[in-house]
Each structure stands twice: as structure tokens, then as C-alpha cells.
Amino acid sequence: MAPTRTRRLAPGGSIAAHRHDDHQIVYAGRGVLTVTTSAGSWVAPATRAIWVPAGTVHAHRAYGELDLHLVGLPVTENPLGLETPTVLAVSPLLRELLIAYTRAEDDDRPERARLRAVLLDQLRASAQQPLHLPTPTTPLLRALCDILRADPADSRTLAELGHLVGASDRTLSRLFRSDLGMTFPQWRTQLRLHHALILLTERTPVTTVAHQCGWSSTSAFIEVFRRTFGHTPGSHRTE
């Protein structure tokens with residue numbers, strides 16, 4: 001069963017791959033959390049939660065001091081109708097509900113039932129966030145994506161990277177769409193955002209993060225980050 005509780009993970013701490021017969025909501029009240037499955041990885045700072053459907057084999061990893069809030073839901077209860085892991089926006093109210101619900105004793109008190117009902121109502125109103133970094137299945141894309149994972153700042157074009165893995169940019173572009181469901185620029189931006197969240201959690205200066213993640217300027221990085229997460233990188237570092 002998926003537990004409902006609060007757990008603390010040290011920086012770099014992890015929970016090995018496992019599965020639950022229940023659905024689970026995973027929220028990091030502090031730090032940055034990644035959830036990884038065979039299909040890819042999802043990243044969530046303190047303004048996001050991750051929905052993990054029942055039966056999904058997944059692993060957790062912490063970046064920074066992590067307060068992990070876990071909510072288990074019966075397989076019959078799926079307030080969002082989601083069948084794949086999904087990142088959800090966490091409003092200030094939903095944040096407090098998740099923290100309160102996972103820290104209180106799990107019992108049958110009417111007060112707890114009411115708290116749970118409001119939590120589920122807020123979940124239904126949560127916007128889904130496109131923060132999934134899919135894992136390629138084709139050997140060509142795996143080789144190319146491994147190059148970029150090793151250095152997210154690598155600014156070479158798809159054609160230039162194609163020379164390294166032995167494929168044309170047209171072939172690779174087609175594979176990105178068919179295998180990963182996104183374009184090459186979209187995938188690289190997601191990779192850079194994932195890396196940026198981790199660096200910010202480690203208190204890396206914003207200008208350095210922009211450079212190490214491959215943005216042409218700090219202002220360009222700040223704008224993309226703000227559009228994606230709803231706040232600037234500087235405010236993220238203080239969470």
C-alpha cells in the first residue's frame with residue numbers, strides 16, 4: 001500500500017525503485033524531487049507535486065534537504081483520471097493541506113475526513129505541468145540524449161550531433177517526435193530546466209546556472225524559468 005506520511009531525505013538521498021497497489025501523491029515541501037520510471041523522469045520543486053498512478057514502478061531522488069510528503073489513495077479513487085505520472089501545480093492552500101494531512105495521525109476522525117475532502121477538491125483544480133523528460137527507447141536517440149545529459153550546455157545543432165551518432169538531422173527529428181512525443185528543442189529545454197532546478201537547489205548563482213545549462217544569456221534563462229515555474233530562479237533559491 002502507498003503510505004500517507006512525511007519523510008525526510010538528505011541531499012542525494014534516494015528511495016529505490018518500487019511500486020504500490022495504490023495511487024500516490026508525492027510532494028517535496030522543501031528541496032527538489034525527481035521521480036524516475038522506465039519512461040522517463042519528472043522533476044518537482046516546492047511549487048509542484050507528482051502524481052504516481054497505482055502499479056507504476058518508480059524511484060525517488062532528493063536534491064537539497066527534502067521534506068517528502070506522501071499521500072496514498074485507493075486505486076478506485078483517481079480525482080484527476082490520470083494514468084501516467086504527472087506534475088501538478090501546488091497552490092499555497094494545497095501546499096498547506098498536503099503538509100497538514102501527511103503530518104497528522106492517520107485515523108477515522110471526522111476532522112481528518114474533512115481535511116482529506118478539501119485536499120482532493122484542490123487536487124482536481126490543479127493544473128498539469130509539462131515537466132516530463134522522457135527516456136528514449138531507440139539506440140540512436142539514447143546515444144544522442146546521453147551526450148546532452150553529460151553536458152546540458154552543449155549547444156551543437158541536431159545536424160552536428162547527428163554526425164556523432166551516425167544519423168541525419170531529418171531522421172533524428174522524426175525519431176524525437178515518434179519516440180518521445182516532442183521536438184528536439186523541446187526535449188533539450190526540458191533537460192536544461194531539470195538541471196537548472198538541481199543547481200539552484202545547490203545554491204549555485206543564477207548567472208552560473210544559466211551558463212552551465214546552455215542559455216545564451218541570464219535574462220533568457222530567467223524568462224524561460226519564469227514562464228515554466230511561475231517565479232524567477234532567484235526566488236526559487238530561497239524556498
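Details
- Take every Cα pair under 8 Å whose residues are at least 6 apart in sequence, average their separation, divide by the length of the chain, and the relative contact order is 18 percent.
- Pairs of alpha carbons in the range 3-142 whose separation is greater than 23 Å (percent): 30 percent
- Extreme residue, positive dipole direction of the chain, given options 161, 28, 76 (C-beta unit charges): 161
- Semi-axes of the equivalent ellipsoid for the range 29-84, computed as √(5λ) from the eigenvalues of its C-alpha gyration tensor and ordered from largest down, come to 20, 14, 9 Å.
- Rounded to 10°, Cα long-axis angle of helix 110-124 versus longest principal axis of the chain: 20 degrees
- Dipole of the chain [Lys/Arg +1, Asp/Glu -1 at C-beta], most positive-end residue of 63, 41, 144: 144
- Average accessible surface area per residue within the range 1-126, 1.4 Å rolling probe, Å²: 44 Å²
- Accessible surface of the chain, 1.4 Å probe: 52 percent of it comes from carbon and sulfur atoms.
- Electrostatic dipole magnitude of the range 77-155 [Cβ: Lys, Arg +1; Asp, Glu -1; Cα centre; debye, to 20]: 140 debye
- GNM remark for the chain: springs join alpha carbons under 10 Å apart, and the peak mean-square fluctuation among 121, 67, 108 falls on 108.
- Ellipticity estimate at 222 nm from DSSP helix runs (n ≥ 4, -39,500 (n - 2.57)) divided over the chain, nearest 500: -12000 deg cm²/dmol
- Computed from the Kirkwood radius of its Cα pairs, the Stokes-Einstein diffusion coefficient for the range 75-196 at 37 °C and 0.692 mPa s stands at 188 µm²/s.
- P(r) tail fraction, the chain - alpha-carbon pairs more than 30 Å apart, %: 29 percent
- Charged side chains reduced to their Cβ positions (Lys and Arg at +1, Asp and Glu at -1) give the range 1-141 a dipole of some 320 debye around its Cα centre.
- Trypsin sites (Lys or Arg not before Pro) within the range 95-182: DSSP coil, no more than 16 neighbouring Cβ in 10 Å: 156
- Taken one residue at a time, the phi angles of the range 127-142 give Karplus couplings (6.51, -1.76, 1.60, θ = phi - 60°) of 6, 7, 10, x, 10, 9, 10, x, 9, x, 9, 7, x, 4, 5, 4 Hz. Gly and Pro are set to x.
- Remark: the chain carries a charge dipole of roughly 360 debye about the Cα centre, counting +1 on each Lys and Arg Cβ and -1 on each Asp and Glu Cβ.
The values are calculated or read from the model by the stated rules, or taken from the named source; none is laboratory data. Values in this document were obtained by computation on a predicted structure and should not be read as measured data. All Cβ positions, even for glycine, are placed from backbone atoms using ideal geometry, and neighbour counts span all protein chains on display. SASA here: full protein model, heavy atoms, side chains in, ligands and nucleic acids out. Shrake-Rupley method; radii C 1.70, N 1.55, O 1.52, S 1.80 Å.
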